[in-house]
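Written below as structure tokens is the structure these notes are about.
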Amino acid sequence: MSKLVTILNGPNLNLLGKREPEIYGHATLNDVEVDCTKVAAEFGLTCELKQSNIEGELVNMIQACRETSVGIIINPAAYTHTSVAILDALNTFDGPVLEIHISNVHKREEFRHHSFVSKRADASIIGMGVEGYALCMRHMGSLLS
Ligand code: DQA
């Protein structure tokens with residue numbers, strides 16, 4: 001069975017490429033999946049990218065990863081700063097969890113400075129644009145090798 005890494009994305013990231021491009025850039029989630037698939041293959045991994053605008057759906061996706069995935073890369077978007085439910089779900093997952101933020105949240109509004117997910121994440125990449133996803137996948141590959 002090939003080893004699957006799931007890349008989870010929270011609210012409004014379906015609009016990546018169209019949404020506030022001065023902050024988040026012009027690449028789309030599809031571009032992200034293409035880049036991550038290439039990096040994953042270097043490590044003998046496969047990847048699947050998912051997105052939801054709904055907190056409970058993200059919780060369900062994380063729970064499903066317990067059966068399907070060896071690692072999770074997650075950009076919880078706005079739920080980063082609010083969701084104990086997503087943190088609790090990630091705490092039920094045994095493999096590596098990497099947190100990614102496209103923008104440098106620490107340079108932005110105060111309410112973006114706290115992350116519940118960071119309490120569980122094994123590492124975080126923040127402020128490196130969409131390239132951060134592929135960098136996370138590379139780190140995931142070395143953690144799982
Ligand atoms: C984000 C940062 C969050 O504060 C914001 O709510 C997002 C995207 C990022 O990738 O930079 O939706 O997670």
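Does at least one position in the stretch 1-8 carry a residue that is closer than 16 Å to Arg138 by Cα, modelled with pLDDT of 95 or more, away from the ligand (no atom under 14 Å from the Cβ) and in contact with a Lys or Arg (Cβ under 6 Å, 6 or more places away or on another chain)? Within the stretch 1-8, none of the residues are closer than 16 Å to Arg138 by Cα, modelled with pLDDT of 95 or more, away from the ligand (no atom under 14 Å from the Cβ) and in contact with a Lys or Arg (Cβ under 6 Å, 6 or more places away or on another chain). Can Asp88 be described as more than 12 Å from the ligand (Cβ to nearest atom) and surrounded by 13 or more Cβ atoms within 10 Å (Cβ to Cβ)? Criteria met by Asp88.
When Ala121 is tested against (1) of a type in the set (Gly, Ala, Ser); (2) surrounded by 19 or more Cβ atoms within 10 Å (Cβ to Cβ); (3) within 12 Å of the ligand (Cβ to nearest atom), just one condition goes unmet, and that condition is (3). Residues in the stretch 72-85 that are over 12 Å from the mean Cα position of the chain (by Cα) and either closer than 18 Å to Leu45 by Cβ or more than 12 Å from the ligand (Cβ to nearest atom) (or both): Val84, Ala85. Of the residues making up the stretch 91-114, those that are touching a His at 6+ places or on another chain (Cβ under 9 Å) and near the ligand (Cβ under 9 Å from one of its atoms) are Val105, Phe111, Arg112.
Residues are listed down the side, and each one gets a yes or a no for (1) farther than 17 Å from Cys36 by Cα; (2) without any contact (Cβ under 8 Å) to a residue 40 or more places away in the chain; (3) under 15 Å from the mean Cα position of the chain (by Cα):
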residue	(1), (2), (3)
Ala89	yes, yes, yes
Phe93	yes, yes, yes
Val97	no, yes, yes
Glu110	yes, yes, no
His113	yes, yes, no
Lys119	yes, yes, yes
Asp122	yes, yes, yes
Ile125	no, yes, yes
Met128	no, yes, yes
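For the stretch 29-46, indicate whether the set of residues that are farther than 29 Å from Asp94 by Cβ, away from the ligand (no atom under 13 Å from the Cβ) and not in a helix (DSSP H, G or I) is non-empty. So far as the stretch 29-46 goes, no, none of its residues is farther than 29 Å from Asp94 by Cβ, away from the ligand (no atom under 13 Å from the Cβ) and not in a helix (DSSP H, G or I). If you go through the stretch 50-71 one residue at a time, do you hit one that is near the ligand (Cβ under 10 Å from one of its atoms), surrounded by fewer than 19 Cβ atoms within 10 Å (Cβ to Cβ) and not in a strand (DSSP E or B)? No.
The values are calculated or read from the model by the stated rules, or taken from the named source; none is laboratory data. Computed from a predicted model, the values in this text were never measured in an experiment. Note that each Cβ is placed from the backbone with ideal geometry, even for glycine, and that neighbours are counted across all protein chains shown.
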